[in-house]
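This report concerns only the one structure given below.
The values are calculated or read from the model by the stated rules, or taken from the named source; none is laboratory data. Quick caveat: nothing in here was measured; it's all calculated off a predicted structure. Glycine gets a Cβ as well: all are built from the backbone with ideal geometry, and neighbour counts include every protein chain shown.
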Amino acid sequence: MKIIRSPKEMQKICRDFKRRGKSIGFVPTMGYLHRGHLNLVKIAGSKSDVVVVSLFVNPAQFGPREDFHRYPRNFKRDWLLLEKSGCDYLFAPGVRAMYPEGYHTYVNVEKLTGHLEGAVRPGHFKGVTTIVAKLFNLVQPDIAVFGQKDAQQAVVLKKMVDDLNYGIKMIIAPTVRERSGLACSSRNQYLSSEERKQAKVLYQSLQLAKEMIKNGERSVNRLVSKMNKFIDKQPLAEIDYIAVTNAHTLELLNKLKGEVLISLAVRFGKTRLIDNIKTKLRK
Ligand code: AMP
């Protein structure tokens, strides 16, 4: 595995592969890798000749009061994990290389970014789409692999790829979880052992919702109220939102119908966790 720091060099390497007819699979990450990330790398490897993983904690997607500075970073650890995971190129540019002095260009997907995470984290998705657009231009991937864990991000990036004619095949991989059901996340390491114990309530509440739907529940109000009560039983949990939306438009639903995304954000102390499930209703 080669480590590349310079955007220009990364672009040249990828251009050369493309010229030689090799397909490129790409996995963008912010590092502090876990099994969820490594599964994306494995999928990229199974579908392309060359695998590029980027590691960049993108300041543009963090709000001023968010955790950019304390976001976990451990380059050596990530490097070793990737080396064993079939990654060919680890692209790890510095902030100044990606956003030099006088940087002024941003990519924004409208509408979809006004809901859910976008409603509570203004500017977040503009940062995400901008960095991913830049990375796509450097790496020129044939396929890019993202996780369902960040459901809205997946929908927004697919829209960007469509609208801007990137011609990249977007693969959305299922959420990888710890044994307790807690979704793997770089931010899990902020949790105290008691918080971690209580944090499995996110997944449990989503399972509860799934069970209610299976048993015929079609009222969003009743579903959300049950989930709310269930999560509230955990003294350290503070609900940011629980939302039931159309899985494609991300618009809030009153009645459960079609393909539905149930997503939630819950705080444990200073740590904000998100999770979701997607489910398709027949009627
Ligand atoms: P991040 O490093 O948090 O920006 O995530 C990089 C990629 O990994 C994104 O596409 C995430 O959706 C994906 N990802 C993060 N956690 C998981 C998980 N538990 N399972 C599957 N994919 C994940």
Check your understanding: Could you say whether any residue in region 12-21 is outside any helix (DSSP H, G or I) and either away from the ligand (no atom under 15 Å from the Cβ) or buried (at least 21 other Cβ atoms within 10 Å of the Cβ) (or both)?
Key -> yes
Review point. Quick one: is Ala265 in a helix (DSSP H, G or I) and among the hydrophobic types (A, V, I, L, M, F, W, C)?
Key: no
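Restricted to region 61-83, and to residues that are among the basic types (Lys, Arg) and within 26 Å of Lys8 (Cα to Cα), which residue is surrounded by the fewest Cβ atoms within 10 Å (Cβ to Cβ)? I'd like the intermediate steps shown before the answer.
Initially, region 61-83 is screened for residues among the basic types (Lys, Arg), giving 65, 70, 73, 76-77.
Next, from what is left, pick out any that are within 26 Å of Lys8 (Cα to Cα): 73, 76-77.
On the way: Arg73: 13, Lys76: 7, Arg77: 13.
Applying the filter and picking the extreme gives Lys76.
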Check your understanding: Are any residues in region 109-132 charged (D, E, K, R) and crowded, with 21+ Cβ neighbours inside 10 Å, and if so, which ones?
Key -> Glu117
Study note, to complete from the structure: When (1) farther than 18 Å from Met170 by Cβ; (2) in contact with a helix residue (DSSP H, G or I) (Cβ under 9 Å, 6 or more places away or on another chain) are applied to Gln152, the one that fails is (1)
Point to revise | Cβ-Cβ under 7 Å pairs, at least 6 apart or on other chains, region 101-117 side assigned by TED's automatic domain parsing to the domain that holds Tyr166 and within 27 Å of Arg272 (Cβ to Cβ), far side at pLDDT below 95 and surrounded by 10 or more Cβ atoms within 10 Å (Cβ to Cβ) | key: none
Check your understanding: Can you find even one residue in region 151-163 that is polar (S, T, N, Q) and surrounded by fewer than 19 Cβ atoms within 10 Å (Cβ to Cβ)?
Key -> no
Point to revise | Conditions (1) assigned to a loop (DSSP other than H, G, I, E, B); (2) closer than 23 Å to Gln153 by Cβ; number of the one not met by Lys210 | key: (1)
Check your understanding: Is it the case that Arg222 is over 29 Å from Ser46 (Cβ atoms) and within 15 Å of the ligand (Cβ to nearest atom)?
Key -> no
Point to revise | Candidates Ala92, Ala173, Ala151, Ala119, filtered to the one that is modelled with pLDDT of 95 or more and either under 19 Å from Pro7 (Cα atoms) or basic (Lys, Arg) (or both) | key: Ala92
**Study point:** Meets criteria (out of contact with any Leu (no Cβ under 6 Å at 6 or more places or on another chain), part of a helix (DSSP H, G or I) and in contact (Cβ under 8 Å) with a residue 12 or more places away in the chain) for Arg77
**Key:** yes
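Quick check on my filter: what residues within region 213-248 are outside any strand (DSSP E or B) and of a type in the set (A, V, I, L, M)? Explain how you work it out, then say what you get.
Initially, region 213-248 is screened for residues outside any strand (DSSP E or B), giving 213-218, 220-236, 247-248.
Residues satisfying the conditions are Ile213, Val220, Leu223, Val224, Met227, Ile231, Leu236, Ala247.
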Study note, to complete from the structure: Pairing a residue in region 144-160 that is in the same structural domain as Leu112 (by TED's automatic domain parsing) with any residue that is hydroxyl-bearing (Ser, Thr, Tyr) and within 7 Å of the ligand (Cβ to nearest atom), where Cβ atoms lie under 8 Å and the two sit 6 or more apart in sequence or on different chains, gives Gly147/Thr175; Gln148/Thr175; Lys149/Thr175; Lys149/Ser185
Study note, to complete from the structure: All conditions in (1) assigned to a helix (DSSP H, G or I); (2) assigned by TED's automatic domain parsing to the domain that holds Asn39 are true of Tyr203 except (2)
Revision key, fill the gap. Reported set for region 178-200 where residues are within 16 Å of the ligand (Cβ to nearest atom), part of a loop (DSSP other than H, G, I, E, B) and of a type outside the set (Asp, Glu) is Arg179, Ser180, Gly181, Leu182, Cys184, Ser185, Leu191, Lys200
Check your understanding: Would a scan of region 41-50 turn up a residue that is among the small types (Gly, Ala, Ser), in contact (Cβ under 8 Å) with a residue 24 or more places away in the chain and closer than 19 Å to Ser185 by Cβ?
Key -> no
